[in-house]
Each structure stands twice: as structure tokens, then as C-alpha cells.
Amino acid sequence: MASRVIPVDDFDLVIFGGTGDLARRKILPGLYRRFCAGQMPETARIIGAARSEHDTEEFRQIVRAAIIEFSATHTCDEGQIGAFLKQLEYVQVDARGDQGWTDLKALMRDGVIKSYYFSVAPSLFGDLAERLMSFGIADREARIVVEKPFGRDLGSARKLNGDLAKHFDETQIYRIDHYLGKETVQNLMAVRFGNILFEPLWNSQYVDHIQITVAETVGVGGRGEYYDKSGAMRDMVQNHLMQLLCLIAMEPPSRFDPDAVRDEKLKVIRALEPVEHHDIVRGQYDSTEDEPSYREDSGDPRSHTESFIALRCKISNWRWAGTPFYLRTGKKLKARASEIAVMFKDAPHSIFGEEAGRHANVLSIRLQPNEGMTLKVTIKEPGPGGMRLIDVPLDMSFAEALGEDAEEITDAYERLIMDVIRGNQTLFMRGDEVEAAWAWTDPLIESWEKRGDVPQLYDAYSSGPEDAAMMLHQEGRRWREIKE
Ligand code: NAD
């Protein structure tokens, strides 16, 4: 099954922060892979723009090293790398000063798509937006791409939105949440809205509850000091987990177009009930014999920041009234695994008697590793000996289904950057969505800060704090095992 690659129109893409970590690990290797796939026109140009002093040749060497280090090996062909590097330029630019802006202007071509990727600290977003306009570099057709974190609370997110809105229209702003670029996340929409099978069951009448888990095995390590100002709620829940929650819970949009989809997502966030403190469990990982605790990693021996959070929330609308959504995410957990699990109710009556046990259907949507979906269904155990029931998975692993092309499943960043060039905002967060998400999380954070809530310690490489397990146990439910 060969995948179809549709080349995009000619473009100039400027990457502010083009020498930074994100650009080297994700953006530039991603662009290179799109180049190898034949999606980038030969004339398209990628312009690195950063404060560091380099010329174009040095920048190309930086990018070559990044591709070799961070691109999947099968695409690292020396000839192709050379051809790709020829499409790169570099300008030294100071976001807060005048240096470099006229050079950048001189480089930009007329008559092609112009996109500006702000891969720099959010404190520079306003400066970049302002200079792009005051130096006459960007016009009303230009697109800007901004990275997370988009604020640390409602006030700061509003300020960022306001700073960008002074110079750019909402239709020009692409707020990245790379979770939305994942193949499975989009497939979730295809499965929900492309089949008649699921949607009639997708409500509180048939769904017992929904679990969303994003588990990492890494700790905060060298990013400890930075992470300590944020914590799992700000770093993961407010953006990634909320986005997944929206896609799983939203009403069918009338069309697969940016505003129709984002309107429906926004309605979900606005319908979230306030969460009480007994609906939240916060945790911090403990030390092991060889590895430091969260507090040691963060550099603050009294830190109250959470490296784990589990919460129970409800959506007040006709579809979901009474159905709990359990969200959890954490660092140094037992496996790197992200999944959404739709846990259906038991059949209303078992004709097979008590001894057949309880068998509920589960649709599990795995985001990493091995993106794919599994539907657990109940069948008769094969062979003689009466009617014994077992659960078997109906497995749709993309790697198997797509055969040789599986390796070519595009990385989330690649897909999203190409969507920017195509001018498709469907998989990007709108300003009001981000603000609504902060408006929901802010009171929760404020309430635990006011209470002086101390996160519960959990063993490194475990499933998280005991209280998180208790939260579901009290309701006769349990978390799904965290496993790769
Ligand atoms: P970084 O510190 O590695 O790179 C920062 C880049 O910005 C460098 O190229 C630097 O030269 C440039 N820069 C700094 N000040 C500048 C100025 N005044 N004018 C022009 N250029 C300037 O940072 P990073 O890790 O690449 O992160 C960039 C952005 O992406 C941040 O907003 C970060 O929160 C976000 N982000 C990063 C990651 C990641 O994995 N690194 C993941 C998600 C989001």
C-alpha cells in the first residue's frame, strides 16, 4: 500500500531559534524527511534565524549533524542530505534588537508562501511578531507557528494571544501541540466519524468511563529547574491531555475543517465541571539506589511541584453526563506508554451465567510506542467443554496494517509543518481553546497552592502514587496497566 505524497507549494520557512534544541531534534530532521519523501519543492527554502553568530555554511553543517543524529537512519543518504542543505540559509537575528532584520527581509521572496516558526522562548513571541511587521517582512498572508508553553496561566496566555493579535490575524497563527500531529490522534477522528459502528455507542449509556494515560520513564533530569516552575498539570494536562480529551469527547463536527473541529473541542472544555481537590492526586518520584528523587533533580529540597498527576473529571452535557474521565500523566513511571482507553459497560444481561464472568469491551488507542488501536471483544474459548468466554483483541497496529510503509508514518512535527505550508489549521489550537483550557486548570492549581498541598511520593518506575489507584478503586474501577 504505497502512501501518496502530495508536494506542497513553493515556500520560504524561517525558523527563529533555528540553532536551538527543538529545531535540531525535531523541526529540521522532520523537514529533511519531507524533502526525502518528495514533498518539498526544489526551490523551497528554509532560513535559520537565531542570535548565534554563524554563516549559512556553518548552519548547514549544524543541520547535517542534526539530521545524522536525529533522523531515522534509513533516510540519511549523503546525496540527499547535500541536496537538502542547499535549500538552507542562515541569518543572524536579534529578536529584541535591530540586528539582522533587513538581511532577513532581503532574503524573503515574493510570490511564495511565507511561514515563520517561533522556536524560541515564549517571552520573545511578541518581539518577533512586532519586528516581522515593523520591518515589513510579514504580510497578511504570512503564517506564524508558535511552540508550547503557551502561557503558564490564563493571564499570561491572554497576554501572548494579545501580543500576537496586534500583528497577526487568528487565521495566520498556528499554535503547535504535537500530540495533535500523531497518526493515531487523527485516526481517532477517522474511526469515530468515518464508521457507523462506534458513534451510536459513544456516550454515557454505553461507555462506563474513559482513561487517558501519558506515562514517561524519564525523570526531569537536567530540565529539573525549568520543570519545577511548571509541573505535570501545566506541562502536560493543560495542553496534551486536554486536547486528547476534547477529541475523544467532542460532538461530530459538521465538516473536517479548522473552525468546525475547534468549535467542537472548545465546547468540551467549556462543559468540563469544576474539579474538587479529592478528584486530584499529585505525586513526586522518589529516589532509587542509583538515581535522585524529583526534589534532588529539581534542585529544591522542599519543592511541592508534581511530577505525576491523576484526576477525575466530568463533562456536563447530554452525551457524557455521569461518565467519569480519568486522566493521568507522570515521569519515571514503569513504562513509556500513552493511550486513550474507552471502557464500555458490561452487557446488560449475561445469558452465560455468573461463572462466565464480566467481559466488557475496551477500545484502546495507543499513541506511543507502536501507534495503533485495539478493540477487546469477547468470544467463546475455542474447543469443547461448554461455553467459556475469553477476551481477544481485534488489533489494528499501523505497523502491520501498512506493511513496508509503516516506517514512513510521518512524525507529528513533519505533518504539522506541512499543514502550516498548506494553510490547514485543523490540527492547531485556536487562541480561545488555549484560554479556555487555562481557565479550567487555573483554579485547580490555585486551590492546591493555597492549601499548601504536598505531592505524595511514589516509587520510581512504578504506576504512580497509591492514592491514584485508590481514586478508581473506591469506585470499583482500576487503572489499566502501564505497559509498552
Ligand atoms: P534552545 O534554548 O535550545 O534554543 C533557543 C534558540 O533561540 C536558539 O537558536 C537561540 O539562538 C535563539 N534565541 C535566543 N534568544 C534569541 C534572541 N534574542 N534573538 C534571536 N534568537 C534567539 O531552546 P529550545 O529547547 O529549542 O526551545 C525553543 C522553544 O520550543 C521554547 O519555547 C520551548 O519551550 C519550546 N519547546 C521545546 C521543546 C524541546 O524539546 N526542546 C519541546 C517543546 C517545546
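The values are calculated or read from the model by the stated rules, or taken from the named source; none is laboratory data. Remember, predicted model here, so these are calculated numbers, not experimental data. Virtual Cβ from ideal backbone geometry, glycine too; neighbours counted across all protein chains shown. Areas reflect the complete protein model, heavy atoms only, side chains present, ligands, DNA and RNA absent. Shrake-Rupley method; radii C 1.70, N 1.55, O 1.52, S 1.80 Å.
Which of the residues that make up segment 8-25 are more than 7 Å from the ligand (Cβ to nearest atom) and in contact with a helix residue (DSSP H, G or I) (Cβ under 8 Å, 6 or more places away or on another chain)?
Quick first cut of segment 8-25, residues more than 7 Å from the ligand (Cβ to nearest atom) only: 8-15, 24.
Once the filter is applied, which keeps residues that are more than 7 Å from the ligand (Cβ to nearest atom) and in contact with a helix residue (DSSP H, G or I) (Cβ under 8 Å, 6 or more places away or on another chain), segment 8-25 yields Val8, Asp9, Phe11, Asp12, Leu13, Val14, Ile15, Arg24.
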The lone condition Ala37 fails out of (1) more than 16 Å from the ligand (Cβ to nearest atom); (2) buried (at least 21 other Cβ atoms within 10 Å of the Cβ) is (2)
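Given Thr213, Thr217, which one is under 18 Å from the mean Cα position of the chain (by Cα), in the same structural domain as Ser462 (by the TED database), open to solvent by 40 Å² or more (accessible area, probe 1.4 Å) and under 30 Å from Asp290 (Cα atoms)?
On the way: Thr213 fails: open to solvent by 40 Å² or more (accessible area, probe 1.4 Å).
Step by step, each of Thr213, Thr217 is checked, and only Thr217 is under 18 Å from the mean Cα position of the chain (by Cα), in the same structural domain as Ser462 (by the TED database), open to solvent by 40 Å² or more (accessible area, probe 1.4 Å) and under 30 Å from Asp290 (Cα atoms).
Taking the condition of being touching a Gly at 6+ places or on another chain (Cβ under 7 Å) and buried (at least 17 other Cβ atoms within 10 Å of the Cβ), how many residues in segment 150-172 meet it?
Initially, segment 150-172 is screened for residues touching a Gly at 6+ places or on another chain (Cβ under 7 Å), giving 157, 160-161, 163, 170.
Restricting the remaining residues to those that are buried (at least 17 other Cβ atoms within 10 Å of the Cβ) gives 157, 160-161, 163.
Residues that pass the stated criteria total 4.
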(request) For segment 50-58, state whether one or more residues are polar (S, T, N, Q), under 29 Å from Pro149 (Cα atoms) and in contact (Cβ under 8 Å) with a residue 40 or more places away in the chain. (result) yes
